[in-house]
Amino acid sequence: MEDYLEKVAEAAFKREYDQDENVVRSLPFFATALGVAVAIYALVFERLPAFEFRPVPLIIYFMLLLSGGAFLRTLWCLFQIVRVREFLIPADEVKLIAWAESVVAFHQRASLTLEAAKAATKTTVRKRVTQEYANSAVHNRVQNAEKLRYRAKGLTWLVVLITLASMTVAMLGAESALKSDPDERVERNAPGT
C-alpha cells in the first residue's frame, strides 16, 4: 500500500507543478488579444464622433465606458494570474539525506543493528516523503485553482472587450452612414457608377 500511496502523491504533486506552467503558457494569447483590442480602439478613437445627445453617439460613448471597465477587469485578472504565489516543494534532498542519517543513528542508539536501522529508516523516510508530496500537492492545487479561476475570468472579460470593440466599430459605421447625404448614397449605389 505504501508504494501505491507514494506514487499517487508524487503524481499529484507533478500534475499540480505542471499545471502552474500551463497557466503561464496562456499569457501570450492574452497579450495578443489585448493588442488586437488596443488596435481596434486606436481606429475607434480616430473616428470618434463629437459627443451629442443623439442615440448613436450616446451608444458609442456608453460602449467605450463599458470597454474601459472590461479592459481594467482583464488587466486585474492578468495581474492575479502572474502575481507571486507560494508553492510548496518537498524537502530539499540534502536536508532529507541528513535527516535520514540522523534517523538511522537514532535507531542504532536504540540498539538496532545497522541493517534493521536502515530498514526502519527507509519506511520512515518513505512515509515522510509521501506526506510531503501530498501536502505540497494539496497546497499547490489551491494556488493553481485560483490562477485558473482568474484565467477563466480574464478570458471572459477579454471576450467582452473584443465584442464591445467590434460593436463600437459597427456603431461608428452606422453613425457615418447616418451622417452622409442620402442623395450621395443613392448615387454611390446606382447601377453603372
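No lab work stands behind these numbers, since they all come straight from the coordinates. Predicted, not measured: the structure shown is a model, and the values here were computed from it. As a convention, Cβ positions derive from the backbone with ideal geometry for all residues, glycine included, and neighbour counts pool all protein chains shown.
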For this session: Just tell me, in residue order, which DSSP H segments of the chain are both 20 angstrom or longer along the helix axis (alpha-carbon based) and at least 0.0 in mean Kyte-Doolittle hydropathy.
Result: 27-46, 55-82, 93-109
Problem set entry | For segment 1-62 and segment 76-142, distance of Cα centres in Å | 37 Å
Exercise. Any idea how far apart ARG54 and ASP20 come out in nm if each label point goes 7 Å out from Cα toward Cβ?
Worked result: 5.7 nm
Exercise. When the chain is fully extended, how far beyond the present Cα-Cα distance does SER166 get from ARG149, taking 0.36 nm per residue of separation?
Worked result: 3.5 nm
Exercise. How high is the relative contact order of segment 2-184, given as a whole-number percent (alpha carbon pairs under 8 Å, six or more residues apart)?
Worked result: 46 percent
Seminar exercise, completed: Cβ density ranking, 10 Å radius, fewest first, applied to ASP3, ASP20 yields ASP3, ASP20
Exercise. How big is the convex hull of the Cα atoms of the chain, per residue, in Å³?
Worked result: 169 Å³
Exercise. What is the P(r) of segment 1-59, as percent of Cα-Cα pairs per 10 Å bin from 0?
Worked result: 18, 20, 18, 15, 12, 10, 6, 1
For this session: Work out the charge dipole of segment 2-184 with +1 on the Cβ of Lys and Arg and -1 on the Cβ of Asp and Glu about the Cα centre, then indicate which of ASN135, LEU27, LEU96 is farthest towards its positive end.
Result: LEU96
Exercise. Summing +1 for each Lys or Arg and -1 for each Asp or Glu, what net charge is found among the other residues whose Cβ lies under 14 Å from the Cβ of ASN144?
Worked result: +3
Seminar exercise, completed: Taking Lys and Arg as +1 and Asp and Glu as -1, residues besides VAL8 with C-beta under 12 Å from its C-beta add up to -1
